[in-house]
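The values are calculated or read from the model by the stated rules, or taken from the named source; none is laboratory data. Remember, it's a predicted structure, so these values are computed and weren't measured experimentally. Virtual Cβ from ideal backbone geometry, glycine too; neighbours counted across all protein chains shown. Just so you know, the surface numbers come from the protein's heavy atoms only, side chains and all, with ligands and any DNA or RNA stripped out. Shrake-Rupley method; radii C 1.70, N 1.55, O 1.52, S 1.80 Å.
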Amino acid sequence: MNKSLPFKIHFFELRRRLVQSAAFFICIFIASYVYAEEIYAFLLEPLINCCGSGNREIVYTELTEAFVTYLELAFFVAMLVTIPFLFVQLFIFTLPGLKPTEKKYAYLLLISVPSLFLIGITIAYKYVFAAAWKFFLSFETSINAGSGISIKLYPKISEYLHLALQIMFSFGIAFQLPVILILLNKIGLVSVKTLKSNRRIVIVIIFAIAAVVTPPDALSQIILASIIILLYEISIFGCMMFNKTKKVKKDAQH
C-alpha cells in the first residue's frame, strides 16, 4: 500500500486481493470435497492405530450426515489453507506503507502465526489424539461375559470430525499465546513484571480454559494446560529478550 496513491486505487487493490483469496478458497474447498474420503481417512488413522487389529466401524445415523460431514471437512481444510494465503495478500498490500521496523515485525508475524498453528495441530494429531482415543476406548467392556452383552464404541462420522477439529483448533490457537503476549508487551499493554506476578492466577485460568475447550477427559486437559503454561513461560522469556534488545538499541543511539 503506497500512501502517495489515491484512496480509490488502494480500495480496488484491496478488493482485488480479497477476490483472489475468495477464489482461492473456493478452489481449495472443491478440491478438498473431491478428496474428502481420503482426508477423513487420514484423520481416522490415530483411532485405527489405537484399535489395533480389531474391526472398527464409523457409522452415520441420518441420511444427510455423511454428506454434511464431508462438506464441513472440506470447509475446514479450505479455511486452514486460505487463511495463510489471505495473510500473504494483506501483507503484500500493506508492505509499501510500512516502516523498516514495522516490516520486520510483519515478516515475523507472517511466519510465526501459521507456523505455530501448524505445530499445534500437528502435536494434537500425533500425540493428543492417541491418548484421548485410548481413554475413550477404555470404557469398552463386557458386562457379563456369559450373556454376551458388552459396551462397545460405534463412533458417528460427524461426532468424530467435530471432536477431532475441537482438539486441533484448541491446540492451534493455544500456540498463538507467545505471539499475542509479545505483541501486547511491545505496545505497552502488558509488562514482564505483570506476567510474572500474575503467574499463579494465570495457571488457574489456563486449567479452566483447557477444561472447557478440550474433550471431557483429564488427560487431554492436562496436556493442553501444560503446553499453554510452557508457552506462557516462553512468552515471558520472549518479552524479556525483546525489551533487552530494545534497550540496547536505545543505548546505542545515545
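Observations, loosely collected:
- Think of each Lys and Arg Cβ as +1 and each Asp and Glu Cβ as -1; about the Cα centre, that makes the dipole of region 42-200 roughly 1120 debye.
- Of the residues Tyr60, Gln20, Ile92, the one whose Cα sits farthest toward the positive end of the charge dipole of the chain, with +1 on the Cβ of Lys and Arg and -1 on the Cβ of Asp and Glu, is Ile92.
- Cα shape, region 44-110, gyration tensor, a/c 1.5 rule: oblate
- For region 1-118, the relative contact order works out to 44 percent when only alpha carbon pairs closer than 8 Å and six or more residues apart are counted.
- Note on region 53-182: dipole from Cβ charges, positive end direction compared against Tyr107, Ile157, Trp133; the farthest Cα belongs to Tyr107.
- Given Lys99/Lys193; Lys126/Lys193; Lys104/Lys196; Lys126/Lys156; Lys8/Lys186; Lys8/Lys103, the pairs whose alpha carbons are separated by over 31 Å: Lys126/Lys193; Lys8/Lys186
- Shape call, region 54-201: gyration tensor on alpha carbons, a/c limit 1.5: oblate
- What the phi angles of region 108-121 give under the Karplus curve with 6.51, -1.76 and 1.60, with θ = phi - 60°, is a coupling list of 4, 5, 4, 8, 6, 4, x, 5, 5, 4, 5, 4, x, 6 Hz, glycine and proline written as x.
- For Lys156, nonlocal amide neighbours, meaning residues 5 or more places apart or on other chains whose placed amide H falls under 5 Å from its own, are Val59.
- The chain: most fluctuating residue of Met241, Met79, Met168 per GNM, C-alpha cutoff 10 Å: Met241
- In nm, spacing of pseudo-spin labels at Arg56 and Val81 (7 Å Cα→C-beta vector): 2.6 nm
- Accessible solvent surface per residue of region 111-197, calculated while the other protein chains remain in place, 1.4 angstrom probe, Å²: 54 Å²
- Cα gyration tensor shape for region 15-128, rounded if a/c is under 1.5, else prolate or oblate: oblate
- Across the chain, the relative contact order, built from alpha-carbon pairs under 8 Å that are at least six residues apart, equals 21 percent.
- Loop-resident trypsin sites (Lys or Arg not before Pro) (DSSP state other than H, G, I, E or B) in region 78-153 with no more than 14 further Cβ atoms inside 10 Å of their Cβ: Lys152.
- Angstrom value of the Kirkwood radius, inverse mean 1/r, which spans all Cα pairs in region 177-223: 12.1 Å
- Label of the coordinate-derived value, Kirkwood radius over Cα pairs in Å, listed as [x] 18.8; [y] 19.5; [z] 21.6: [z]
- When the solvent-accessible area of the chain is split by element, carbon and sulfur atoms take up 70 percent of it, the probe being 1.4 Å.
- For region 133-140, Karplus couplings with θ = phi - 60° (6.51, -1.76, 1.60), whole Hz, Gly/Pro x: 5, 4, 5, 5, 6, 5, 7, 5
- Evaluated over region 110-179, the Cα radius of gyration and Dmax, each in Å: 17.1, 61
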